[in-house]
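Here is the structure we will look at.
The values are calculated or read from the model by the stated rules, or taken from the named source; none is laboratory data. All values reported here derive from a predicted model rather than from experimental measurement. Positions of Cβ are generated from backbone atoms using ideal geometry, with glycine treated the same way; all protein chains shown enter the neighbour counts. Keep in mind that these areas ignore ligands, DNA and RNA; they rest on the heavy atoms of the full protein, side chains included. Shrake-Rupley method; radii C 1.70, N 1.55, O 1.52, S 1.80 Å.
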Amino acid sequence: MGKLALAAKITHVPSIYLSEMDGPRKGTRQDAIDGLKEIGQRCRDLGVDTLVVFDTHWLVNANYHVLCGPHFKGLYTSNELPHFISHMPFEFPGNPALGKLLAAQANALGVETLAHDATTLEPEYGTLVPMRYMNADQHFKVVSISAMCMAHYLNDSARLGWAIRRAIEDEYEGTVAILASGSLSHRFAQNGLAPDYAFKIWSPFLEQLDQEVIRLWKAGEWQTFCGMLPEYAAKGHGEGFMHDTAMLMGALGWSAYDGQAEVITPYFGASGTGQINAVFPVTPQDGSAIPAAQASQANAAAAMAARL
């Protein structure tokens, strides 16, 4: 029925917005802006009607949540970095029908998920910053999914990603792109050192770890990457514990995925963190490698390594 046309891992660092402003940082994130615009143009060329964003700035402590109101508009100031993002305007349509389909399919596959279409919730900046450059003319509808998951299993996030694909391809009449909005390593520079690390990675270890992951992505070594994801998320300070990445890989087929990533914006440092824009070609998958639902079977003896 429907089509999952494009999948990507994207950056949302606040310095992207800051680089629009007059001052010493003006223009310094133009490469990231250009990358987001390029991915947005590809979505347009593919006939995408809705962007589904896995937002690592939407913190949740129970269940997965889908924000699918009919319309979003406002001014956003980051409570985390108000000196980077202040009074940023946003507006775009939502897609309640798709959001409800996504949640229903996730529940059917054993991952407890709630859709919120009649709510005062507004998107977080993991959605708002990319939309500023990908969707300035409100061409796309937008659905945001919680991906800063504080008490969740990566296996369930992978299964949620597969459920999203099934809902799109089996039940939705339209064309969708999915965007994992989060960094690679996410170890911010220590307070007082942020200016020194504005364009750097926090440590050589984290930079080399990220570079190896990018090599795996470009080489298509997905069994290796999916196998190391829980430990990478922990030791690499993964943003949102890398649940956005697990969702992305689940939608692509998890360890059975057979595509190779295309880097759009080369890896760069931002306040100590590792950032990238990359597209992952969508290939036919049967879901055989998707992990089983885990939270519904969890007990006190569940391995901690599986929920990092």
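Conditions (1) assigned to a strand (DSSP E or B); (2) open to solvent by less than 20 Å² (accessible area, probe 1.4 Å), marked per residue:
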| site | (1), (2) |
| --- | --- |
| ASP156 | no, yes |
| TRP162 | no, no |
| ILE168 | no, yes |
| GLU173 | no, no |
| VAL176 | yes, yes |
| PHE205 | no, no |
| VAL213 | no, yes |
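Okay, residues lined up against (1) within 27 Å of ALA293 (Cβ to Cβ); (2) not hydrophobic (A, V, I, L, M, F, W, C):
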{"position": "ILE39", "(1), (2)": "no, no"}
{"position": "ASP45", "(1), (2)": "no, yes"}
{"position": "VAL48", "(1), (2)": "no, no"}
{"position": "PHE54", "(1), (2)": "yes, no"}
{"position": "TRP58", "(1), (2)": "yes, no"}
{"position": "ALA62", "(1), (2)": "yes, no"}
{"position": "GLY69", "(1), (2)": "no, yes"}
{"position": "LYS73", "(1), (2)": "no, yes"}
{"position": "SER78", "(1), (2)": "no, yes"}
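Among the residues of segment 215-245, count how many are in a helix (DSSP H, G or I) and touching a Lys or Arg at 6+ places or on another chain (Cβ under 9 Å).
The qualifying residues number 5.
From LEU59, LEU98, grab the single residue that is of a type outside the set (Val, Ile, Thr), part of a helix (DSSP H, G or I) and within 19 Å of ALA180 (Cα to Cα).
Just one listed residue meets the conditions, LEU98.
Here is a yes/no grid of residues against (1) assigned to a strand (DSSP E or B); (2) open to solvent by less than 10 Å² (accessible area, probe 1.4 Å):
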residue: LEU248; (1), (2): no, yes
residue: SER255; (1), (2): no, no
residue: VAL263; (1), (2): yes, no
residue: PRO266; (1), (2): yes, no
residue: ASN277; (1), (2): yes, yes
residue: THR283; (1), (2): no, no
residue: SER288; (1), (2): no, no
residue: PRO291; (1), (2): no, no
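Report, ordered by the first and then the second residue, all pairs with beta carbons closer than 9 Å, sequence separation of six or more or different chains, a first member in segment 224-253 that is within 13 Å of SER185 (Cβ to Cβ), and a second member that is surrounded by fewer than 24 Cβ atoms within 10 Å (Cβ to Cβ) and acidic (Asp, Glu).
Correct list of pairs: GLY236/ASP210.
I'd like the full set of residues that are among the hydroxyl-bearing types (Ser, Thr, Tyr) and part of a helix (DSSP H, G or I), limited to segment 189-203.
The one that is among the hydroxyl-bearing types (Ser, Thr, Tyr) and part of a helix (DSSP H, G or I): TYR197.
Restricting to segment 15-53, count the residues that are without any contact (Cβ under 8 Å) to a residue 24 or more places away in the chain, small (Gly, Ala, Ser) and surrounded by 14 or more Cβ atoms within 10 Å (Cβ to Cβ).
1
Which residues, counting only those in segment 68-88, are touching a Lys or Arg at 6+ places or on another chain (Cβ under 8 Å) and open to solvent by 20 Å² or more (accessible area, probe 1.4 Å)?
Those that are touching a Lys or Arg at 6+ places or on another chain (Cβ under 8 Å) and open to solvent by 20 Å² or more (accessible area, probe 1.4 Å): none in segment 68-88.
List every residue pair whose Cβ atoms sit under 7 Å apart, with the two residues 6 or more apart in sequence or on different chains, where the first one lies in segment 79-107 and is in contact (Cβ under 8 Å) with a residue 40 or more places away in the chain and among the aliphatic types (A, V, I, L, M) and the second, anywhere, is open to solvent by 10 Å² or more (accessible area, probe 1.4 Å) and assigned to a helix (DSSP H, G or I).
ILE85/TYR17; MET88/TYR17; LEU101/GLU171
Taking ASP117 as the residue in question, decide whether it is in contact with a Cys (Cβ under 7 Å, 6 or more places away or on another chain) and either acidic (Asp, Glu) or modelled with pLDDT under 95 (or both).
yes
In segment 133-149, which residues are open to solvent by 10 Å² or more (accessible area, probe 1.4 Å) and either modelled with pLDDT under 95 or assigned to a strand (DSSP E or B) (or both)?
Selection gives LYS141, MET148.
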